[in-house]
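*Asks:* Could you have a look at this structure, given as structure tokens, before my questions?
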Amino acid sequence: MESLRIAVSHRPPLLLAAPHQHQLRRRSHLPVPLSSLPHTSLSLSSSRHRLGLAPTPLRRIPPLLASQTPGGTDDPSPPPAGVKLVPLLVSLAVGLAVRFLAPRPPEVSPQAWQRLSVFLSTIAGLVLGPLPVGAWAFLGLTAAVATHTLPFAAAFSAFTNEVIWLIVISFFFARGFVKTGLGDRIATYFVKWLGGSTLGLSYGLTISEAFIAPAMPSTTARAGGVFLPIIKSLSLSAGSKPNHPSSRKLGSYLVMSQFQAAGNSSALFLTAAAQNLLCLKLAEELGVIVANPWVAWFKAASLPAIASLLATPYFLYKIFPPETKDTPDAPALAAEKLERMGPVTKNEWVMIGTMLLAVSLWVFGDVIGVSSVVAAMLGLSILLLLGVLDWDDCLNEKSAWDTLAWFAVLVGMAGQLTNLGIVSWMSSCVAKLLESFSLSWPAAFCVLEASYFLIHYLFASQTGHVGALYSAFLAMHVAAGVPRVLSALALAFNTNLFGALTHYSSGQAAVYFGAGYLELPDVFRMGFVTALINVLIWGVVGTFWWKLLGLY
């Protein structure tokens, strides 16, 4: 294996800032252009000599600000402006059909039925994408207010929701990780410690993501901002090129392993993914309250998630093996990268201290009377006061403000449907159906969880899936007699695990598939096989662990 040097001259931006671009590529099944990914430099001094390159002096290179963009300019064309006509017509047709063609049950009021039609039309648009997610959610909110389906105050009430602002602030924390280079440094340390073999390298990357996850609440941002650039550097220097037969030497395995393991990292911590907080908020709207949510989530997820995290790289190593088994140069090259990065900077230390404070308050906040959102506000205030982030960083975090817009609309509409009895009517219908089959609650639990999981083949977004189906499936669980907290948590865990089913099933799926190291049949095949492995581990380990915790 040739010597290599992991690139540090460019630190990539958070790819989440422009989700519509990845969504457009997912739908057309085109990979993300390599020019949109960070430039990768190769080789140690010996390799530089062979290639005729002058040795690069060891110097400290400051990280690229997260607000900057890569230098590539050959992205073919900007996405088309305005609405996409066919998705628009289909989305509107869904709502109009429910409102005027579907028979209204006598136990549902006309007002509730009209709100359901607007909600379903909004959900259809979030899935089909006639406009970017935030824009379509705003149109749905406008339609609800203009048709007097919702009063103005009720329509905008969810914008003051604590959970929504916790998500927004968490995106700012993620920007701090990229801007300071702390996430890159942590991942590189694990490459140094565990990277002597291909399997060890995969474990190093997987474990480092689990460490970063609670403070970086976007799997897409972790994939594009931290891990894919490192994997590309390692792969290219080993002669493993994207969109080339040599991709199977190293790159395909590392990308697939990181892709499949990332869902377990997101499921391990409440703050590791935005959809986790959305799930618990929707559960709360249905009256399912999870006490001390950060700790309760971690306790329930810890054993099955860690077991899956440890099993995934090994199983893929056996069923999707790399051609290169040993990477003896990787630890030395990681050490060189760390040397080039220099000692831990003041801003990185501030980031470490702030995140330790925030996580401690998330864990012990209920005891001392500090809510999760207040803990996040205190952390962000420290980062602003000490100059780790400035206000322009916050303003430029488009994904945070976009999430605020559509998340608040979705939560507000779902809450109104609950208040008007739509959800209870749906759950009672399902309960009667399950009773007709004489299913016990464990059997009903398995059927509903499997259905919720497999339906994701029809979705191109985890959050869209949650918005469309989480409340309904949670109501079905409760109606079937499944313990309430177990139902809420199990559905939320599933929401993370199905993010690696296909090349379009999540934002990180687009990032990893777009790197050019994975063939489409391999993505579907390994996605399904790994899903079965996860179901087996979570089903067996989780059953005993959740019984021990008293969840049922």
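*Asks:* For segment 533-552, give me the residue count where each residue is closer than 23 Å to P313 by Cα and of a type in the set (G, A, S).
*Replies:* Here the count works out to 2.
*Asks:* On to the next question. Within segment 243-272, how many residues turn out to be among the hydrophobic types (A, V, I, L, M, F, W, C) and under 17 Å from V523 (Cα atoms)?
*Replies:* Adding up the residues that qualify gives 7.
*Asks:* Can you report the number of residues in segment 346-368 which are under 28 Å from the mean Cα position of the chain (by Cα), within 19 Å of T188 (Cα to Cα) and surrounded by fewer than 20 Cβ atoms within 10 Å (Cβ to Cβ)?
*Replies:* 3
*Asks:* Report, by residue number, each residue of segment 240-267 that is among the aliphatic types (A, V, I, L, M) and out of contact with any Ser or Thr (no Cβ under 7 Å at 6 or more places or on another chain).
*Replies:* Across segment 240-267, the qualifying residues are V255, M256, A267.
*Asks:* For the subset of segment 379-427 comprising residues that are part of a helix (DSSP H, G or I) and of a type in the set (D, E), which member is nearest to G507 (Cα to Cα)?
*Replies:* Among residues in segment 379-427 that are part of a helix (DSSP H, G or I) and of a type in the set (D, E), the one nearest to G507 (Cα to Cα) is D402.
*Asks:* Another question about this same structure. State all residues of segment 288-322 that are within 30 Å of L410 (Cα to Cα) and open to solvent by 60 Å² or more (accessible area, probe 1.4 Å); if no residue qualifies, say none.
*Replies:* Answer for segment 288-322, where residues must be within 30 Å of L410 (Cα to Cα) and open to solvent by 60 Å² or more (accessible area, probe 1.4 Å): I289, A291, F298, K299.
*Asks:* Out of (1) at pLDDT 95 or above; (2) of a type in the set (A, V, I, L, M); (3) buried (at least 17 other Cβ atoms within 10 Å of the Cβ), the odd one out for A330 is which?
*Replies:* Exception for A330: condition (1).
*Asks:* List the number of the failed condition for W441; all other conditions in (1) within 29 Å of V163 (Cβ to Cβ); (2) open to solvent by 50 Å² or more (accessible area, probe 1.4 Å); (3) at pLDDT below 80 hold.
*Replies:* So W441 meets the others, but not (3).
*Asks:* What number of residues within segment 132-177 are open to solvent by 40 Å² or more (accessible area, probe 1.4 Å), assigned to a loop (DSSP other than H, G, I, E, B) and within 17 Å of L120 (Cβ to Cβ)?
*Replies:* Residues that pass the stated criteria total 1.
*Asks:* Just one of Y552, Y457, Y504 is surrounded by fewer than 22 Cβ atoms within 10 Å (Cβ to Cβ), modelled with pLDDT under 95 and in contact with a Ser or Thr (Cβ under 8 Å, 6 or more places away or on another chain); which is it?
*Replies:* Result: Y457 is the single residue among Y552, Y457, Y504 that is surrounded by fewer than 22 Cβ atoms within 10 Å (Cβ to Cβ), modelled with pLDDT under 95 and in contact with a Ser or Thr (Cβ under 8 Å, 6 or more places away or on another chain).
*Asks:* For segment 333-345, enumerate the residues that are open to solvent by 30 Å² or more (accessible area, probe 1.4 Å) and closer than 19 Å to S202 by Cα.
*Replies:* Scanning segment 333-345 gives a single hit, A335.
*Asks:* Moving on. Which residue, of A492, A531, A468, is in contact (Cβ under 8 Å) with a residue 12 or more places away in the chain, closer than 21 Å to W406 by Cα and surrounded by fewer than 23 Cβ atoms within 10 Å (Cβ to Cβ)?
*Replies:* A468
*Asks:* Would you pick out the residues in segment 430-465 that are without any contact (Cβ under 8 Å) to a residue 24 or more places away in the chain, outside any helix (DSSP H, G or I) and of a type in the set (A, V, I, L, M, F, W, C)?
*Replies:* F437
*Asks:* Determine which single condition K325 fails, assuming it passes every other condition in (1) among the charged types (D, E, K, R); (2) closer than 25 Å to V168 by Cβ; (3) open to solvent by 10 Å² or more (accessible area, probe 1.4 Å); (4) in contact with a helix residue (DSSP H, G or I) (Cβ under 7 Å, 6 or more places away or on another chain).
*Replies:* Condition (2) is where K325 drops out.
*Asks:* Here is a follow-up. Looking at segment 200-211, which of the residues that are touching a residue at least 40 places away in the same chain (Cβ under 8 Å) and open to solvent by less than 10 Å² (accessible area, probe 1.4 Å) is farthest from L518 (Cα to Cα)?
*Replies:* In this case the residue turns out to be E209.
The values are calculated or read from the model by the stated rules, or taken from the named source; none is laboratory data. Predicted, not measured: the structure shown is a model, and the values here were computed from it. Neighbour counts are summed over all protein chains in view; Cβ atoms, including those assigned to glycine, are modelled from backbone coordinates with ideal geometry. Heavy atoms of the whole protein, side chains included, go into the accessibility calculation; ligands, DNA and RNA do not. Shrake-Rupley method; radii C 1.70, N 1.55, O 1.52, S 1.80 Å.
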